[in-house]
């Protein structure tokens with residue numbers, strides 16, 4: 001297979017660096033590399049490529065925003081220390097062993113990723129907190145989003161039957177088929193009392209409290225439902241794609257995060273007043289009813305989400321077109337090394353100018369001691385002259 005790849009003379013490797021083999025393959029084949037990225041082997045991609053001051057950049061998993069008090073900054077630094085420890089001693093060695101085996105001269109995965117020509121980042125600053133970045137980063141958040149297509153006839157009939165009350169869409173993604181029975185029954189009983197129609201992707205045991213207004217489905221055309229004018233609220237787990245599709249279509253979110261980055265994704269919506277979070281351990285009939293009614297009836301949620309939607313759509317070039325342009329740019333120019341910073345090649349003490357600081361401290365210390373020595377010499381000489389005159 002490797003011989004076939006070499007003989008084919010490809011122009012570049014496009015890979016997701018959440019796992020390392022694609023990046024190692026690009027290095028082995030000596031090809032330019034474009035990353036379709038949000039996560040790398042050690043966490044969020046920005047931390048590998050741009051300055052990340054922990055005073056205002058929250059570490060994923062910390063549950064923090066870019067507004068942190070002293071205690072929160074301490075927590076943020078501790079979370080970052082844990083991630084660095086995991087990368088250095090748990091995750092990194094395994095990937096680095098692959099590099100040592102296949103790459104002539106050896107290397108490490110972190111350095112390979114930093115050699116990428118372009119980072120196509122699946123985020124943007126409508127969703128993400130502002131932070132430093134680099135010229136070879138292209139933001140393509142919502143690249144998969146597009147205008148809604150017509151629904152299948154039976155689903156369209158169900159949606160239209162909701163009338164002026166509209167529809168609630170609920171899904172917890174493809175990795176979780178069902179909630180615990182008591183939680184599912186509690187949610188179903190809340191839906192049953194509501195005037196809205198509900199479309200719920202649910203593959204587990206049918207809730208015993210399910211109402212006639214709720215349609216259970218194994219699969220749903222999520223993008224098309226979110227883009228339907230009848231959809232009022234999106235109950236979701238907070239995956240990146242779902243959150244960005246909700247932003248694109250301007251639908252407020254009631255979030256039930258389950259794992260990985262989902263809480264952080266939903267936190268960004270909640271911080272902007274476009275969503276509300278209920279943690280899974282707190283979900284019951286009462287909390288869910290309170291949350292769904294708040295997001296449904298407080299106009300601020302929809303207004304804030306629609307404002308985010310307008311900001312997201314107001315771009316000179318669509319995210320997918322940006323991605324295509326930069327992939328072809330790398331192909332045309334056989335890479336884009338002029339966009340990469342040399343900072344990655346600097347030793348840590350040079351990066352932080354500790355060597356310069358040490359030199360300045362040394363010079364200042366020498367000057368200080370020299371000044372003190374001269375002053376003491378002059379004082380001693382003056383005292384000797386005074387004693388000579390007295391004699």
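Counting pairs of alpha carbon atoms under 8 Å apart in space and at least six apart in sequence, what relative contact order in percent does segment 26-182 give?
Once divided by the residue count of segment 26-182, the mean separation gives 25 percent.
For the chain, what proportion of DSSP beta bridges, expressed in % and rounded to the nearest 5, is antiparallel?
Given both bridge residues lie in the chain, the antiparallel proportion sits at roughly 5 percent.
Sort 158-170, 334-346 by the packing proxy (mean of other Cβ within 10 Å over each peptide's residues), most packed first.
Top to bottom by mean Cβ count within 10 Å: 158-170, 334-346.
Rounded if a/c is under 1.5, else prolate if a/b is larger than b/c, else oblate: which is segment 243-366, with a ≥ b ≥ c the root eigenvalues of its Cα gyration tensor?
oblate
What shape does segment 304-363 take by its C-alpha gyration tensor, where a ≥ b ≥ c are the square roots of the eigenvalues and a/c under 1.5 counts as rounded, a/b above b/c as prolate, and the rest as oblate?
Here segment 304-363 falls in the oblate category.
DSSP beta bridges in segment 153-312, what fraction antiparallel, as a percent rounded to 5?
0
Once you keep just the Cα pairs under 8 angstrom separated by 6 or more residues, what percentage relative contact order results for segment 153-312?
21
Compute the helix-to-body angle for 240-249: its Cα long axis versus the longest principal axis of the chain, expressed 0 to 90° and rounded to tens.
Helix 240-249 sits roughly 70 degrees off the main axis of the chain.
Using only the alpha-carbon atoms, how far is helix 354-390 inclined from the longest principal axis of the chain? Give it as 0 to 90 degrees, nearest 10.
30
Using P(r) over Cα pairs in 20 Å bins from 0, in percent as the read-out, say which of [x] 24, 47, 25, 4, 0; [y] 22, 44, 22, 7, 4, 1; [z] 29, 57, 14, 0 was calculated from these coordinates.
[y]
Mind telling me which of 226, 12, 378 comes out most flexible in a GNM of the chain, alpha-carbon contacts under 10 Å?
Fluctuation is largest for 378.
What value, in deg cm²/dmol to 500, does the helix sum -39500 (n - 2.57) over DSSP H runs of n ≥ 4 give at 222 nm once divided by the residues of the chain?
Taking each H run of at least 4 residues, the total per residue is -14500 deg cm²/dmol.
Restricting to Cα pairs below 8 Å that are 6+ residues apart, what does the relative contact order work out to for the chain? Please round to a whole percent.
15
Under a 10 Å cutoff between Cα atoms, tell me which one of 47, 125, 375 has the largest fluctuation in the Gaussian network model of the chain.
Of 47, 125, 375, the most mobile in the Gaussian network model is 375.
Comparing 269, 368, 29, which has the greatest mean-square fluctuation in the GNM of the chain with Cα pairs linked when under 10 Å apart?
With Cα springs under 10 Å in the chain, the top fluctuation among 269, 368, 29 is at 368.
Could you list the residues of segment 159-191 with an amide nitrogen less than 18 Å from a label point located 7 Å from the Cα of residue 297 in the Cα-to-C-beta direction?
164-168, 189-191
Which of rounded, prolate or oblate describes segment 153-312 when judged by the alpha-carbon gyration tensor and an a/c cut-off of 1.5?
rounded
Could you tell me how many degrees, from 0 to 90 and to the nearest 10, lie between the Cα long axis of helix 319-333 and the main elongation axis, the longest principal axis, of the Cα atoms of the chain?
50
Throughout, read-outs are computed from the coordinates displayed, never taken from laboratory work. Source: prediction; values computed, not measured. We place every Cβ from the backbone using ideal geometry, glycine too, and count neighbours over all the protein chains shown.
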